Amino acid sequence: MSDAPNETTVPLVEMRGIVKQFGSVEALRGVDFQVNRNEIVGLLGDNGAGKSTLIKILTGVYTPTRGEIYFDGQPVTIDSPHAARMIGIETVYQDLALVPLMSISRNFWLGQEPTHGWGPFRVLDQKVMAEKARDALLDIGIRIRNAEESVGSMSGGERQSIAIGRAVYFGKKLLILDEPTSALSVKQTGEVLNYTRRAKERGLSVIFITHNIAHVHEVADRFTIIRGGRKIGDFHKHEVSELEVAQMVMSGSVPDRLRIGPEDA
Amino acid sequence: MDNAIAPTSGITIPAVESPERALLRNNRYFLTIIILIVVGSLCLVVVEQIAAGWLALGDRANISRRDLNGIEITVMIGMAAWGVICLVTAWGFYRHPSTPSLGDYLVGRIGRTSAGVFLTLAFLFVLIIGCLLFCEQILTGWIALGERVNISRRDINATEWIAVISSVIWALVSLRAFLFLLQRNKRGWAWAQWTALLTGLVGFTVFFAALVHLNEIVPPGGTLTDNVAGTLELMIPGLLAFLSAMAVYRYLTLSVNLSADQSVRNSLAKSPSAGAIIGLITLIVAFSIVSPLFLEPRAAASALSTNITNGIVAIGITLLMISGEFDLSVGSIFGVSSLVFILAMTEGVFGLPPQSAVTAAIMSLILAAFLGFINGIILILTKIPSFIVTLATLLMYRAVIIVVIPEGRIIRYADYDLPEPIIDFSPYVLIALLAAAALVLVWFAWRQIPRLWGSLRRRIASYSENTSDFRDIYVITTFLWALLVTIALAGLLIGCVVAIISLFGRGGELIPINFFDIVNGRIESLPLIGPLSADINLRTGVIWWFVLVIVFQFILTQMPYGGFSFAVGGNAGAARAQGISVSRVKIFNFMICALLCGVAGLAFVSRVGSVGPNLGEGLELEVIAAAVIGGALLSGGYGSIFGALLGVLLFGLLRTGLVLAGVPAQIFYGMQGLIILLAVVLNTAVRRVRT
């Protein structure tokens, strides 16, 4: 697996000149954002910088006031979360990922259960559900004891991991992780980062949203930093240090040596 | 308790406490020792009473004579031996607090005469003999059980047969445990644990029953002390069995990973309705002890038939609660749809002339579903909590009833001089229905019966490799289950065929069937059991109720829609993120709930034939309580339809039981409240075990 993004092909997602106004408030003031194939992008910014607005536009929660979105090179209109799912974008929200009182296997298949029977008389294929869920999770390295166990008994890291495993299994192209590690312990954060890497190995692109550079520096190929509704810049991992990124997130000023910087594309 | 003392080391022994007391206090067998001393003393008292002639057993025409018969001598010897063993073991535990557990015996480290091992073996042996003696005494007629007017007659009633069969089974189980232990087989540990635990439970029940009936043996004008032998005779069997079993059980569960009671608790924790299951068992045992009428078919039929409406509505409310919402208006919807059903047949509604019963039923169901739709759509559009929305609609729908039938008028079907709603069925329609049912049965049998017997064959084939402690039990239960299913399917199939043949025998003659009887008529006879006597009021509505429970439990656990309901109630955001339409599921569940209220309305009108203005008032609280007892969480995402059935039965049996026990019915509400509280506390406690 090569860590360098494949520059020759069309980017998986390209958002151009995105503007979003809420009444008189301009949350995004013309942001360009792109994700290449097989790449982990860390989307960084302080609270209120506009990163969640940008992602909510990509996942169909908001529609942009101006700007275009291209997915796989094609211009697309994402007007609902359902539309985002249909083109292969999966979002893992921190506490909205799984239903705690349901079993792992039921959670894994929720909304697309394998059934036998026809019409309204479809019956769940529980055996297949449990087996495939276990195998799919094992495939990205998540070992579960019993697929019938309820998710409520699992740790936060395990829950995120299962959601990631689910996105990988269902052949999504883009995985968006919204602050996945902010409530996790160091060990669990490590696990989630590990599975994120596995997801990339399986051919997915990942947007990793966080305000904490320490969580993402290890796995991300590239960082996009947003502040005050504008993009500060895109930086490849080898170009910047962790400290520099942290300073940019806080101050919003780009260090001189990066000024000319690699404006991708 | 002063834990600083290290009794065995003998270094720090405070002057205030003698070494012996410290030894006892810190002994892990402390409680066991106390129990054993009590048991031992009780045994010796019984021996004394028999020897003195105060306690007469078996064939004894004349209590005043002095000779002892065979059974008395046997019981005396057994009791004396068991009492001495208990006391000696207690002494052994006291002197040697580090007495090794049964595990040491099984690996051959200690012999059979070690205090606890010998106690266990003796317990099992006494149990075997005791069970066999009990059988013998029933069969010879000296112990009478159940309803028995005349003790001197020789026939054996059903209760006695059940007692005989179960005590023979119990003797066999004890024998198995005994032999396992003799052979130092590891399985014996688990077997002995279960034997002791269940014996203890049975003993406690018997003791409790004796306690309830204690006042019956007080001599007129005297106190219990005037009848020591009688008191002993009544109290001792249960008490001794309970205490002995508990002492042995305590010894057996020392240093085991998973004791028998823990595994019961764990498997209960997997069920949402642990509280309802425990409550129901307790209630049935308690009431059947208090009133012998409680176990009669009459009481069961009445408890079922009077709760059909509650039961059907509780299904809907549980489904709705699982998806995170709540419907207070079920009582009003039930009332409105009952009203529309009866009015559509008698006076006509919506400007239409009176309709046939079937049309009226369809109209009332559509209306009910529409009322549910209104609830749901208001909830979705306004995002007001369902508690408020349905509180409002509760009043609004009730207003409809009061406007239509003002001043407490009651609409009675009988007042309208209408004929019974007879539907003439062509026999061929019935034949087609029966044939379809037979086909379904054949299909089911085709799939299930080979599977069942195959799994039995596999169990037998892999018997020697099976490492489970209870492999014999599994084989037996698999066999019994396969046999039961096969017989039931064959019986139903034969019933269908016989009915089809007899229908063909009638030629083309139409068969009149009363619509009310289909929905909720009296069941005249049952297959295999025959005609029911006139005082057993079992209704066809019970069948529909149970069918609906099975259907909805199936939908909930085996079909995608059930999963959506759980997800919507458990975490609406996650459900939405997976592409489930939360609003649609909620509205649909409101409609199902209301539709079931409509079905309950049909059942009510078909049975009672009248509708009053306050029909269904208070229904909402009762069904919500039943759902909650059955394990449904008010916060959504958890629950079971089967649990709701148990919850409704719990209340039904409570009502029937209180009446039969002669308790004033006024305390019903208080008891109901108490049960809700206890069941929910139990459900929560049990769920905590799991996580």
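Only the coordinates and a few stated rules stand behind these numbers; no lab work does. Here the structure is a predicted model, which means the values were calculated and not measured. A quick note on method: Cβ atoms are made from the backbone with ideal geometry, for glycine too, and the neighbour counts reach across all protein chains shown.
Each residue in B:CYS496, B:CYS86 was given a count of other beta-carbon atoms within 10 angstrom of its own, and listing them fewest first yields B:CYS496, B:CYS86.
For the stretch B:435-475, the list of chymotrypsin sites (Phe, Trp or Tyr not before Pro) that fall in a loop by DSSP and count at most 16 other C-beta atoms within 10 angstrom reads B:TYR463, B:PHE470. The peptide list A:152-160, A:185-193, B:416-424, put in order of mean Cβ contacts within 10 Å with the highest first, becomes A:152-160, A:185-193, B:416-424. Using only side-chain charges placed at the Cβ, +1 for Lys and Arg and -1 for Asp and Glu, the dipole size of the stretch B:387-512 relative to its Cα centre rounds to 600 debye.
The length gained by stretching the chain between B:GLU48 and B:ASN227 to full extension, at 0.36 nm per residue less their Cα-Cα distance, is 62.9 nm.
Find the centroid of the Cα atoms in the stretch A:77-106 and in the stretch B:173-205, then give the distance between the two in whole Å. One Cα centre to the other: 52 Å. Highest GNM mean-square fluctuation among A:ALA246, A:ALA199, A:ALA183, for chain A modelled with Cα contacts below 10 Å: A:ALA183. Taking a temperature of 20 °C and a viscosity of 1.002 mPa s, what whole-number D in µm²/s does Stokes-Einstein yield for chain B with Rh from Kirkwood over alpha carbon pairs? In µm²/s, the coefficient rounds to 72. Expressed to the nearest 5 percent, the antiparallel share of DSSP beta bridges inside the protein assembly as shown is 65 percent. If both residues of a DSSP beta bridge must be in the stretch A:130-265, then about 55% of such bridges are antiparallel.
Tell me whether the stretch B:256-316 comes out rounded, prolate or oblate; compute the Cα gyration tensor, take square roots of the eigenvalues as a ≥ b ≥ c, and use a/c under 1.5 as the rounded threshold. Because a/c hits 1.5 or more and a/b fails to exceed b/c, the stretch B:256-316 counts as oblate.
Using helices alone, I'd like the mean residue ellipticity at 222 nm for the protein assembly as shown: each DSSP H run of four-plus residues gives -39500 (n - 2.57), total over residue count, nearest 500. Computed ellipticity for the protein assembly as shown at 222 nm equals -19000 deg cm²/dmol. Each Cα pair under 8 Å and six or more residues apart adds its separation to the average, and for chain B the resulting relative contact order is 19 percent. When peptides B:183-189, B:480-486, B:306-312 are ranked by their average number of other Cβ atoms within 10 Å per residue, the highest-first order is B:306-312, B:183-189, B:480-486. Pairs from the table (A:LYS51/B:LYS270; B:LYS270/B:LYS586; A:LYS173/B:LYS270) lying more than 32 angstrom apart at Cα are A:LYS51/B:LYS270; A:LYS173/B:LYS270.
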